Each structure stands twice: as structure tokens, then as C-alpha cells.
Amino acid sequence: MDLPLVYEDIVRILPHRYPFLLVDRVTELEPGKRIVGYKNVTANEPFFQGHFPGKPIMPGVLIIEGMAQTGGVLAGCSAAGGGSAQGFEQVFFMALDKVKFRRPVVPGDQLRFEVEALRAGSRVWKLAGKAFVGESLAAEAEMTASVG
């Protein structure tokens, strides 16, 4: 699969759709090893209406979800031998560990998700992810997922 992966490529891999698709672009991908994806955070995101009025902050669980979706793209493309993951079975997250939030994410930020496979199996994957705004670490987590 050619890089960068854009919306049309990502929706062939992930089942998520607006407003819950939280990966806009993938610029780096090493099947079975690592991936770098991006989410442009805009003021018109639906969650900003209630989180929080007058001081919009992206919910931490959605930052982790974007990181998890980026890991899902990695697993999907890896299972497809580095090619298109069309028809790939879903990825279900089983556990989150070592979750830490380091800074708020606000409208106008661009999140960069860097996800590395700690263990890439046929059925169970262990991933380490970090979310950055520029060079500033916003969040990090270890994720365990079931593929299939």
C-alpha cells in the first residue's frame, strides 16, 4: 500500500466512520512493527460542544481511541502482508495499561500518533502508543488487542 494513507484508504481498513473515525492520515508504516498517523483537531468536533463549553478540551479517552485506531491500521495492513487490508477482520481492544495524560489537546492542535508493536501475533497484539502535539507528549498507553 502506498503512503501516505488518506481517508479513502483508512476507511477500507477500519470500520469507524464520522464522527468516530479519529485517524486522518498515515505517513509511516512498517508492517508488524510501527506506524505514524495524524488527527487534525478542529473546533467543530462534536465532542467540544459539551467538553467543555467555553474551554474546549479533547476528551482523553478519544485521544487513546485515536491511538488505538492507528494501531488497528497497523494490525490490518500487517495481516494483509503490507498491502490493502480490505476484508480484514476487526480489531478489538482488550486492555489498556500505563495510560498517562501529559497535556490538554485543544482545537487547532494536530495529534501525531506513534504506535509500535511490542508483540505482533496472529490473534493477540501488544502495542505501545504515544500521542504528540508538535514535540510535546500529550498521552501514552500500552494496548492489548484481539485480531479476528
Pairwise label distance in nanometres, F92 with H51, each label 7 Å out on the Cα-Cβ vector:
2.4 nm
Any number yet on Rg/Rh for the chain, C-alpha, Kirkwood?
0.96
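What are the chymotrypsin sites (Phe, Trp or Tyr not before Pro) within segment 1-71 that DSSP puts in a loop, where the Cβ has at most 14 other Cβ atoms within 10 Å?
Counting only loop positions with at most 14 other Cβ atoms within 10 Å, the chymotrypsin sites (Phe, Trp or Tyr not before Pro) in segment 1-71 are F20.
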What is the helix-to-structure angle for 60-79, meaning the angle in degrees between its Cα long axis and the longest Cα principal axis of the chain, kept from 0 to 90 and rounded to the nearest 10?
20 degrees
With Cβ to Cβ distances under 13 Å as the rule, what net charge do the other residues near P56 carry (K, R +1; D, E -1)?
-1
For a quick check, take a GNM of the chain with Cα springs below 10 Å and name the residue from K55, K126, K100 with the largest mean-square fluctuation.
K55
Just the number please: accessible area per residue for the chain, 1.4 Å probe, all protein chains included, in Å².
50 Å²
Can you give the helix-only mean residue ellipticity at 222 nm for the chain, where every DSSP H stretch with n ≥ 4 adds -39500 (n - 2.57) and the sum goes over all residues, rounded to the nearest 500 deg cm²/dmol?
-6000 deg cm²/dmol
Probe radius 1.4 Å, ligands and nucleic acids ignored: give me the carbon and sulfur share of the accessible area of segment 1-135 as a rounded percent.
52 percent
Using Cα-only point scatterers and the Debye equation, what is log10 of I(q)/I(0) for segment 1-54 at each q in 0.29 Å⁻¹, rounded to two decimals?
-1.20
Please find, in a Gaussian network model of the chain (springs between Cα atoms separated by less than 10 Å), the residue of D97, D109, D24 whose mean-square fluctuation is greatest.
D97
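The values are calculated or read from the model by the stated rules, or taken from the named source; none is laboratory data. Predicted model, so just to flag it, every value in this text is computed and none were measured. As a convention, Cβ positions derive from the backbone with ideal geometry for all residues, glycine included, and neighbour counts pool all protein chains shown. With ligands, DNA and RNA removed, areas are computed over all heavy atoms of the protein, side chains included. Shrake-Rupley method; radii C 1.70, N 1.55, O 1.52, S 1.80 Å.
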